[in-house]
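What follows is one structure encoded as structure tokens, with my remarks underneath.
Bear in mind that the values in this text are calculations on the coordinates, not laboratory data. Given the structure is predicted, the values throughout are model-derived calculations rather than measurements. Positions of Cβ are backbone-derived with ideal geometry, glycine not excepted, and every protein chain shown enters the neighbour counts.
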């Protein structure tokens, strides 16, 4: 947590601390700055025309941590994460709590894109802040986060615009699958709105997917049309289909990449396998991992295609060089597609 010694190094807080107790400025749970004081610090930097980079950090799937381990563990995660953020930023900025599982980061060292990129990259690696397990009471949840970032005065010149850009890029990161950082770039992000990045309407997606699937006669075209639609909706790089005989098909090119054996051992009780890292995929299935690694695939969402009577193979969503945290909607859509295919093949065994 922040102390008198740390905050007194900042002129803005040094004057305030001399007349007040430092804890009056801090969030009672995490020990970082309360939202109103991180806001005041931002306004002070702008008033002095001091360049800085700002980020909103959202802990991924934090509700799951609370639901699975309890709120006491959730509090422990936030406390440890906050301490790590304070240590990581050091004297080059400050950390505040925006609310819930969201933090505001102010970094005054640079507004250069490459340096910002390196800063967030280090934050997400080397077991420093994110993509690491936090030792808590009786458990060690693995914590990732999504970051949306912009810089003053490069990207915005007032308080409200800075928040809008950070909020927009944060949502962009969530749409891409979380567990990432998005740095505002005008030519990429200027005309994107938060409304456009809102969570998928699962009913609309499944309805359109059904129409795409039944809009053609051949099973090859049914799968291809479905996948063209889903690639755009879910921001996927590709979708792969493993036929009953083990042929791994790139649905985009219809090329056979390899022949694989039985992969049922990958699946959990919900008939799903997810991974965000190629090293984990190779550990779970060296055969599959070695085949997909040359294609740059890091994240997969995998299931089988089967009915009560028959097994027809497997299908999986894939992302290249991205550590996506797959969400419940992603899983529901993949399972629904697999059931569409299995149901059709049950009725048309000659198409297998």
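Points to keep in mind about this one:
- Rounded tilt (10° steps) of 159-175 against the dominant C-alpha axis of the chain: 30 degrees
- Inter-centroid distance (Cα atoms) of segment 124-164 relative to segment 58-122, Å: 4 Å
- Compared with the alpha-carbon gap, the fully stretched path from residue 293 to residue 211 is longer by 26.2 nm at 0.36 nm per residue.
- Label-point separation in nm, residue 219 to residue 233, each point 7 Å along Cα→Cβ: 2.2 nm
- On full extension, the segment bounded by residue 21 and residue 343 gains 109.2 nm, given 0.36 nm per residue less the C-alpha separation.
- Distance from segment 230-293 to segment 306-352 (C-alpha centre basis), Å: 11 Å
- From the coordinates of this entry, Cα Rg over 2.2 N^0.38 Å is computed, and it appears in (i) 1.15; (ii) 1.27; (iii) 1.00 under the label (i).
- Additional length obtainable on full extension of the chain from residue 12 to residue 72, 0.36 nm per residue less Cα span: 18.2 nm
- Spin-label model distance (nm) - residue 117 vs residue 50, 7 Å beyond Cα toward Cβ: 2.8 nm
- Residue exposure proxy: 146, 207, ordered by other Cβ atoms within 10 angstrom of their Cβ from fewest to most, comes out as 207, 146.
- Segments 148-156, 232-240 sorted - mean Cβ within 10 Å per residue, highest first: 148-156, 232-240
- The mean sequence separation of alpha-carbon pairs under 8 Å and at least six residues apart, normalised by the residue count of segment 4-189, gives a relative contact order of 23 percent.
- Tilt relative to the chain, helix 35-47 - C-alpha long axis, 0 to 90 degrees, to 10: 70 degrees
- Nearest 10 degrees, 0 to 90: helix 71-89 Cα axis against the chain principal axis: 60 degrees
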